[in-house]
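Here's the structure, in structure tokens; my notes come after.
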Amino acid sequence: MTAQTDRLPNGSRVGFYPGTFDPFTLGHLDIARRALSLVDRLVIGVALNPGKAPQLPIDERCAAIAETFANEGLTQVSVAPFETLMVDAARSEGARFIIRGLRSESDLTSEMPMAAINRRLAPELETLFLTAREEHRLIASSLVRELLAYRGDITPYVPENIARRLLPNAQEKPT
């Protein structure tokens, strides 16, 4: 009998951190950094959601997120767009772990059923929940989008390179 390990045949533990990341926030960055202490390679999976009108097109979101990690010198992170089931995207990247960030109890309430469904669809993938640090618990992409719409200061909530990309796209104040 052989012992099961979390390492792939090439010896690499791969995590898949999915989301729409519209926009990618400092909270997302913190979860990704911390996930890197658990995995050898992290893939940021950027989901295409046709039902949403994102601030940036998916290719620009991917480029901005990749630039964020390049600026940090984190070479073990890659960015991949996807428009399939998340578990299929994770499998295609060779992932063993799905990384999810939790800011509050309500996040856990919505994440638990998704984790259960993912376990049925892909029992080989393990979901890891990382709780947000105190300073990031109130950061939500939806709030950053709202601040942006009202031309508020988003720089305390997103990496600098993301803010530079978003600020020229700020919409007029909603009516």
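A few points about this structure:
- In plain terms, the C-alpha convex hull of region 25-94 casts an average shadow of 5.0 nm² when viewed from every direction.
- Sorted by Cβ density within 10 Å, fewest first, the residues Glu93, Glu83: Glu83, Glu93
- 0 to 90° range, to nearest 10: angle between helix 58-72 axis and the chain longest Cα axis: 80
- In the chain, helices alone account for a calculated mean residue ellipticity at 222 nm of -11000 deg cm²/dmol, with every DSSP H run of four or more residues adding -39,500 (n - 2.57).
- Alpha carbon Rg of region 14-169, scaled by the compact-globule rule 2.2 N^0.38 Å: 0.99
- Neighbour cut-off at most 11 other Cβ (10 Å), DSSP loop, GluC sites (Glu not before Pro), region 110-145: Glu124
- Under 20 Å from the Arg137 label point (7 Å along Cα→beta-carbon), backbone N, region 99-120: 100-112
- Beta bridge orientation in the chain: antiparallel %, DSSP, nearest 5: 0
Any read-out appearing in this document is the output of simple, stated calculations on the displayed coordinates, not a laboratory observation. Everything numeric here is computed off the predicted structure, so don't read it as measured data. Because the Cβ atoms are built from the backbone with ideal geometry, glycine has one as well, and the counts that use them run over all protein chains shown.
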